[in-house]
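*Asks:* Here it is, the structure, as structure tokens.
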Amino acid sequence: MKKILFAASECVPFIKTGGLADVVGSLPKCFDKKKYDVRVIIPKYMCMDEKWKSQMKYVNHFYMDLCWRRQYVGILEMEYEGVKFYFIDNEYYFAGPSPYSDVRYDLEKFAFFSRAVLSALPVIDFRPDIIHCHDYHTGLIPVYLKDSFSVGDFYKGVKSIMTIHNLKFQGVWDIDTIKDIAGLSDYYFTSDKLKDYDTGNYLKGGIVYADMVTTVSSTYAEEIKTPFYGEGLDGLMRARSNCLRGIVNGIDYDEYNPETDKLIAKNFSKDNFRKEKVKNKTALQKELGLEVNPKKMMIGLVSRLTDQKGLDLIAYVMDEMCQDAVQFVILGTGEERYENMFRHFDWKYGKDVSANIYYSEELSHKIYAACDAFIMPSLFEPCGLSQLMSMRYGTLPIVRETGGLKDTVQPYNEYENTGTGFSFSNYNAHEMMGTLRYAEHIFYDKKRDWNKMVERAMAVDYSWKTSAEKYQQLYDELIG
Ligand code: ADP
Ligand code: GLC
């Protein structure tokens with residue numbers, strides 16, 4: 001039995017701020033259970049729902065030295081849908097209303113978490129063959145494995161994988177502070193290790209020290225070797241390109257299933273969507289106070305409201321787009337200027353625009369089910385899950401051709417009648433609007449072609465099956 005430990009900062013259903021949580025929560029379920037014992041370890045945040053906290057069982061605790069600090073490490077566990085989850089408890093570090101706060105504080109929190117994960121392994125009697133680390137929060141684990149945890153039999157030969165879900169977030173601060181909070185010596189702060197210009201960089205450490213590096217789509221794996229997408233680490237990505245692989249994400253096919261989803265108004269399948277899907281649209285129109293009109297094209301957006309998601313393109317032409325016969329339903333939180341921009345258009349075009357500036361699992365499912373199209377004009381997108389969820393519900397994505405969006409959405413070709421959505425290439429508001437208007441034309445004037453495309457989008461398999469096999473291959477290569 002091969003033993004793998006996922007280490008991450010978030011994971012569904014316990015805590016989620018974005019797609020990272022979806023991946024860490026859904027992928028471990030999909031490995032071949034006869035060959036791989038995959039477990040997951042995350043922090044136990046005080047802001048987790050009581051429903052989950054009350055089910056966690058205390059395992060053990062100890063005190064851990066980290067530089068001059070001595071900290072409590074509690075370990076809890078819980079089995080959920082056949083996977084074993086561990087939670088690291090420390091009420092000083094994992095307090096607060098959300099998993100993340102300011103960077104300096106997060107850096108200390110995740111240095112603690114990374115060291116606690118490694119220190120906890122003998123206590124839970126689980127010696128993984130591979131620790132699979134996700135994003136900068138766990139970037140120090142590969143470093144510690146080669147540092148203070150390289151001595152003694154227990155950790156000898158434990159391999160690590162660093163998966164990059166978003167290169168934008170690297171965990172960067174001045175070197176002296178990082179040395180202090182991470183407990184690492186001068187040796188680690190040269191340009192070939194954690195030093196990045198005159199700062200210390202967690203993700204860089206993870207990428208340098210991990211045995212393998214992966215990211216969440218093939219296109220993003222190529223893009224990050226270039227200065228535009230490389231976020232200052234493109235040189236390192238090129239240097240490590242032999243060990244860099246792109247494996248596209250999947251989604252949880254049980255949770256996102258239009259035939260059984262309990263959160264939506266009317267279940268439907270690819271055989272009956274022509275009649276049934278629209279009932280979700282009219283239900284949502286009623287719920288959100290939009291004009292109730294089954295024929296009007298409804299466009300959805302469910303997203304963190306940040307620059308990454310291409311929202312400045314939308315801001316630029318939103319007024320113009322609102323002149324068309326379309327409705328927009330937005331769900332998201334993030335930068336204030338985008339929140340206010342959508343609130344403004346909701347106020348201005350109340351019967352056709354609904355801005356929901358909060359987080360809601362339930363409304364997100366309703367939007368995926370109800371809309372005709374889904375807009376995602378990202379500046380960069382390592383993979384993107386929302387477009388996959390949309391397609392599963394027969395909602396056609398309109399995307400920019402970058403990262404995982406390029407790899408997962410096949411653009412409509414009206415001559416060959418192929419495609420599962422619409423796409424445009426340049427980061428340009430009018431190019432996006434042109435594509436949106438083309439989609440409107442197909443929706444209103446070529447309904448049969450539109451519906452064929454819906455059928456195709458719903459038939460594509462974006463479950464974890466193929467990608468989980470690719471991770472298994474990677475584990476096999478590393479373990480030998
Ligand atoms: P990212 O990880 O960059 O935020 P992804 O497309 O990979 O983007 O994943 C986003 C996930 O977060 C999806 O599951 C999406 O439905 C969810 N999501 C984003 N914003 C909200 C929100 N306000 N309410 C509910 N779900 C949201
Ligand atoms: C990141 C990326 C997103 C990806 C997700 C899960 O948050 O922004 O594109 O889908 O991680 O891998």
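*Asks:* For the chain, which DSSP H helices look membrane-span-like by this rule: Cα extent along the axis of 20 Å or more and mean Kyte-Doolittle of at least 0.5? Provide the component values of the computation, followed by the final result.
*Replies:* Values: long enough: 103-124 (30 Å, 0.81); 273-288 (23 Å, -1.39); 429-445 (24 Å, -0.39); 465-479 (21 Å, -1.03).
Membrane-span-like by this rule: 103-124.
*Asks:* Please get the size of the charge dipole for the chain, origin at its Cα centre, with Cβ charges of +1 on Lys and Arg and -1 on Asp and Glu, quoted in debye to the nearest 20.
*Replies:* Values: 60 positive and 68 negative charges, 218 e Å.
Rounded to the nearest 20 debye, it is 1040 debye.
*Asks:* Would you please classify the overall shape of the stretch 433-480 from the alpha carbon gyration tensor, given that a ≥ b ≥ c denote the square roots of the eigenvalues, rounded means a/c under 1.5, and beyond that prolate means a/b larger than b/c while oblate covers the rest? Intermediate values should be presented prior to the final figure.
*Replies:* Details: a/c = 8.56, a/b = 3.11, b/c = 2.75.
Prolate.
*Asks:* Please enumerate, by chain and number, the lysines with C-alpha under 16 Å from the C-alpha of Lys168, excluding those fewer than 8 residues away in the same chain.
*Replies:* Leaving aside lysines fewer than 8 places away in the same chain, those within reach of Lys168 are Lys204, Lys225, Lys309.
*Asks:* Taking every Cα atom in the stretch 360-448, find the radius of gyration and the maximum pairwise distance Dmax, and write them in Å.
*Replies:* In order Rg, Dmax, the Cα atoms of the stretch 360-448 give 12.6, 40 Å.
*Asks:* Rounded to the nearest 20 Debye, what is the dipole magnitude of the stretch 235-308 about its Cα centre when Lys and Arg each give +1 and Asp and Glu each give -1 at the C-beta? Intermediate values should be presented prior to the final figure.
*Replies:* Working: 15 positive and 10 negative charges, 64 e Å.
Once rounded to the nearest 20, the dipole reads 300 debye.
*Asks:* Next up: What whole-number distance in Å separates the alpha-carbon centres of the stretch 169-196 and the stretch 33-103?
*Replies:* If you average the Cα positions of each part, the centres end up 25 Å apart.
*Asks:* Tell me, what is the per residue accessible area of the chain in Å², probe radius 1.4 Å? Display every interim value, and only then the final one.
*Replies:* Numbers: 18980 Å² over 480 residues.
It amounts to 40 Å² per residue over the chain.
*Asks:* Per 0.36 nm of contour for each residue apart, how much would the distance between Lys348 and Thr177 grow if the chain were fully extended, relative to their Cα-Cα spacing?
*Replies:* Numbers: separation 171, 0.36 × 171 = 61.56 nm, distance 4.80 nm.
Full-extension gain reported as 56.8 nm.
*Asks:* Using unit Cβ charges (K, R positive; D, E negative) and no other charged atoms, how large, in debye to the nearest 20, is the dipole of the stretch 404-480 about its Cα centre?
*Replies:* Numbers: 9 positive and 12 negative charges, 57 e Å.
Using only the charged Cβ atoms, the result is roughly 280 debye.
*Asks:* Projected area of the chain, taken from the Cα convex hull and averaged over every viewing direction, in nm²? Intermediate values should be presented prior to the final figure.
*Replies:* On the way: hull surface 88.6 nm².
Across all orientations, the chain yields a mean hull projection of 22.2 nm².
*Asks:* Could you tell me which trypsin sites (Lys or Arg not before Pro) in the stretch 211-271 are loop residues by DSSP with no more than 12 other beta carbons within 10 angstrom of their beta carbon?
*Replies:* On the way: sites: Lys225, Arg238, Arg240, Arg245, Lys262, Lys266, Lys270; in loops: Lys225, Arg240, Lys262, Lys266, Lys270.
Passing sites in the stretch 211-271 are Lys262.
*Asks:* So, one more: Taking each pair of distinct Cα atoms in the stretch 268-425 once, what is the resulting Kirkwood hydrodynamic radius in Å?
*Replies:* Values: mean 1/r = 0.0635 Å⁻¹.
Taking the inverse mean of 1/r over all distinct Cα pairs, the stretch 268-425 comes out at 15.7 Å.
*Asks:* Could you tell me whether the stretch 28-177 comes out rounded, prolate or oblate from its Cα gyration tensor? Rule is a ≥ b ≥ c as square roots of the eigenvalues, rounded for a/c under 1.5, then prolate if a/b exceeds b/c, otherwise oblate.
*Replies:* Numbers: a/c = 1.32, a/b = 1.10, b/c = 1.20.
Because its axes are fairly even, with a/c under 1.5, the stretch 28-177 counts as rounded.
*Asks:* Pop out the carbon and sulfur fraction of the accessible area of the chain as a percent, whole number, probe 1.4 Å.
*Replies:* Details: 9480 of 18980 Å².
Of all accessible area on the chain, carbon and sulfur atoms account for 50 percent.
*Asks:* Using the per-residue mean of other Cβ atoms lying within 10 Å as a proxy for protection, in what order, highest first, do the peptides 64-70, 453-459, 173-179 fall?
*Replies:* Numbers: 64-70: 12.9, 453-459: 19.7, 173-179: 16.4.
So the order, starting with the most tightly packed, is 453-459, 173-179, 64-70.
*Asks:* Give the aspartates and glutamates reachable from Lys452 as a straight Cα distance under 15 Å; neighbours fewer than 8 places away on the same chain don't count.
*Replies:* The qualifying aspartates and glutamates are Asp271, Asp372, Glu414, Glu416.
*Asks:* Using a 10 Å cut-off on Cβ atoms, rank the peptides 180-189, 324-333 from the highest mean neighbour count down. Don't jump to the answer; show the numbers that get you there.
*Replies:* Working: 180-189: 17.5, 324-333: 20.8.
Output ranking for 180-189, 324-333: 324-333, 180-189.
*Asks:* Once the piece of chain linking Arg70 and Asp476 is laid out straight, how much longer is it, given 0.36 nm per residue of separation minus the C-alpha distance between them?
*Replies:* 142.4 nm
*Asks:* Sticking with this structure for a sec: Express in whole angstrom the spacing between the alpha-carbon centres of the stretch 300-368 and the stretch 236-283.
*Replies:* After rounding, the separation between the Cα centres reads 20 Å.
*Asks:* Identify, among Phe422, Cys383, Thr408, the residue whose Cα sits farthest towards the positive end of the charge dipole of the stretch 370-440, taking +1 on the Cβ of Lys and Arg and -1 on the Cβ of Asp and Glu, with the dipole about the Cα centre.
*Replies:* Cys383
*Asks:* Let me ask something else. Straight-line reach from Lys35: which lysines fall under 25 Å, measuring Cα to Cα and dropping same-chain residues less than 8 apart?
*Replies:* Here the lysines satisfying the reach criterion relative to Lys35 are Lys2, Lys3, Lys84, Lys156, Lys159, Lys465, Lys470.
*Asks:* Taking the Kirkwood radius as the inverse of the mean 1/r across Cα pairs, report the Rg/Rh of the stretch 181-236. Before the final figure, lay out the partial values.
*Replies:* On the way: Rg = 12.4 Å, Rh = 12.2 Å.
Ratio value, two decimals: 1.01.
*Asks:* Here is a further query. Mind counting lysine pairs for me in the stretch 241-305? Cα separation below 20 Å, and the two need to be 8 or more apart along the chain or on different chains.
*Replies:* 28
The values are calculated or read from the model by the stated rules, or taken from the named source; none is laboratory data. Because the structure is a prediction, the values reported are computed rather than measured. We place every Cβ from the backbone using ideal geometry, glycine too, and count neighbours over all the protein chains shown. Surface areas here come from the heavy atoms of the whole protein model, side chains and all, with no ligands, DNA or RNA. Shrake-Rupley method; radii C 1.70, N 1.55, O 1.52, S 1.80 Å.
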